[in-house]
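Participant: The structure follows.
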Amino acid sequence: MVRMMTQEQCPHRNNVQSTEKPQVYKVGIYGWRKRCLYFFVLLLMILIVVNLALTIWILKVMNFTIDGMGHLRITERGLKLEGDSEFLQPLYAKEIQSRPGSPLFLQSSKNVSVNILNEKKQLVSQLVAGSHGVHASGKMLEVKSSAGKLLFSADDHEVVVGAERLRVMGAEGAVFSNSVETPHVRAEPFKELRLESPTRSLYMEAPKGVKIEADAGDFQATCRSDLRLESKDGEISLDARKIKLLRLPEGKASPSGTRQTVFEVCVCPNGKLFLSQAGTGSTCQISSNLCL
């Protein structure tokens, strides 16, 4: 009985299998996922085009070329800048020069500093130009002309002025706290020369002599106390057509009991002066041997 049922069922199962179609599984992105993918691909292409356009625009504006960028050019000797340049950080260069025929300007809102370092990175010379002035520090300062002649130099030991003439234009003249050594002191034409020490002494010394000349005017020596002319080993010569001794005191006769020794001034033919004790008459002839 069971067997008969099985045989009867077999034709029915075959009919069911024959009527069913085979199932096909599709592989891919469909629907809203596909639309999102296309959208992102389109957005990426737009970004690439915009980025490429901005890159080309930047290259055009900045003037990028094979030789450099903008006003910056790369040459065999280094970098070449045209126009105004601004440096926000320190600049290290071996040489800075302008174009031929054009000046070089260095401008800063605070100061411009030039520092010179040695091999040990120690500061040896410095030049600072700021709002308070120009400050320079170093072992020596030299100023030379275009021909190479020394005009001015200064170091720890001395200050040398190599110009032919040193002119002081101040109304108060030049003030020296210590001694001054010079071979020639001369005023300008039609100007007065004054050597003055308001509160102390004024000394003029020279091993071979001091010569004071006034070719077109007078020479005056004025003092409040004594005026002393002294020559230790030589003589004092007064060479003039006239020699005047003004404001000499006039002597008065004194009582016989208070007589003092009186001398008279004698003049030799060569202009030499000497004193001789006065008498009733002239006693210069008695001491004439001093004129020899």
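The values are calculated or read from the model by the stated rules, or taken from the named source; none is laboratory data. Everything quoted here is computed from the prediction, not taken from an experiment. Note that we place each Cβ from the backbone using ideal geometry, even for glycine, and neighbour counts take in every protein chain shown. These accessible areas exclude ligands, DNA and RNA; they are computed on the full protein's heavy atoms, side chains included. Shrake-Rupley method; radii C 1.70, N 1.55, O 1.52, S 1.80 Å.
Participant: Pop the C-beta distance of residue 197 and residue 150 into the FRET formula with R0 = 25 Å and round what comes out to the nearest 0.05.
Facilitator: After rounding to 0.05, the efficiency reads 0.20.
Participant: Separate question: Hey, if we sort 224, 33 by accessible area with the 1.4 Å probe, largest down, what's the order?
Facilitator: Largest to smallest exposure gives the sequence 224, 33.
Participant: Can you list the HN-Hα couplings for the range 119-134, worked out from phi with the Karplus curve (6.51, -1.76, 1.60; θ = phi - 60°), rounded to whole Hz and with x for Gly and Pro?
Facilitator: 5, 8, 6, 9, 6, 10, 9, 8, 10, 10, 10, x, 5, 8, x, 10
Participant: Further question: Based on Cβ point charges of +1 for Lys and Arg and -1 for Asp and Glu, what charge dipole magnitude is obtained for the chain about its Cα centre, in debye rounded to the nearest 20?
Facilitator: Around 1840 debye, computed over the chain.
Participant: Give me the percent of accessible area attributable to carbon and sulfur for the range 140-292, probe 1.4 angstrom.
Facilitator: That fraction is 50 percent.
Participant: Per residue, what accessible area does the chain have, given a 1.4 Å probe and all protein chains present, in Å²?
Facilitator: I get 103 Å² per residue for this part.
Participant: Something else: Can you give the accessible area of residue 91, probe radius 1.4 Å, in Å² rounded to 10?
Facilitator: Roughly 90 Å² of residue 91 is accessible to a 1.4 Å probe.
Participant: Also, I was wondering about something else. Which of 115, 51, 270 ends up with the largest GNM mean-square fluctuation for the chain, with Cα atoms connected below 10 Å?
Facilitator: Most flexible of the set in this elastic network: 270.
Participant: Do any of 208/272; 191/242; 208/232; 242/272; 94/149; 232/272 go past 19 Å between their Cα atoms, and which?
Facilitator: Beyond 19 Å between Cα atoms: 208/272; 191/242; 94/149.
Participant: In whole Hz, with x marking every Gly and Pro, tabulate ³J(HN,Hα) for the range 210-225 from phi via Karplus 6.51 cos²θ - 1.76 cosθ + 1.60, θ = phi - 60°.
Facilitator: Result, ordered by residue: 10, 10, 10, 10, 9, 5, 10, x, 9, 10, 10, 10, 10, 9, 8, 9 Hz.
Participant: While we're on this one: Taking only Cα atoms, what is the 0 to 90° angle, nearest 10, from helix 2-19's long axis to the longest principal axis of the chain?
Facilitator: Relative to the chain, helix 2-19 is tipped by roughly 50 degrees.
Participant: Answer with one residue from 185, 195, 174: the one whose Cα lies farthest towards the positive end of the charge dipole of the range 167-211, charges on Cβ with Lys, Arg +1 and Asp, Glu -1.
Facilitator: About the Cα centre, the residue reaching furthest to the positive side is 185.
Participant: Given a 10 angstrom Cα cut-off, can you work out which residue in 61, 41, 265 is the most mobile in a GNM of the chain?
Facilitator: Between 61, 41, 265, it is 265 that shows the largest mean-square fluctuation.
Participant: Here's a follow-up. Which residue, 179, 145, 276, tops the fluctuation ranking in a GNM of the chain built on C-alpha contacts under 10 Å?
Facilitator: Largest GNM mean-square fluctuation: 276.
Participant: Rounded, prolate or oblate: which fits the range 96-160 when a ≥ b ≥ c are the square roots of the eigenvalues of the alpha-carbon gyration tensor, with rounded for a/c under 1.5 and prolate only if a/b beats b/c?
Facilitator: Verdict is oblate for the range 96-160.
Participant: Something else about it: Let me have the 222 nm mean residue ellipticity of the chain computed from DSSP H runs of 4+ only, each contributing -39500 (n - 2.57), with the sum over all residues rounded to the nearest 500.
Facilitator: -6000 deg cm²/dmol
Participant: What label, among (i) 19.8, 67; (ii) 54.5, 206; (iii) 18.4, 55, belongs to Rg and Dmax of the Cα atoms in Å computed from the structure on display?
Facilitator: (ii)
Participant: In degrees from 0 to 90, rounded to the nearest 10, what is the angle of the helix 32-61 Cα long axis to the longest principal axis of the chain?
Facilitator: That helix lies at roughly 20 degrees to the long axis.
Participant: Then there's this: With charges set only on the Cβ (+1 for Lys and Arg, -1 for Asp and Glu), what does the dipole of the range 28-122 come to about its Cα centre, in debye to the nearest 20?
Facilitator: For this selection, approximately 480 debye.
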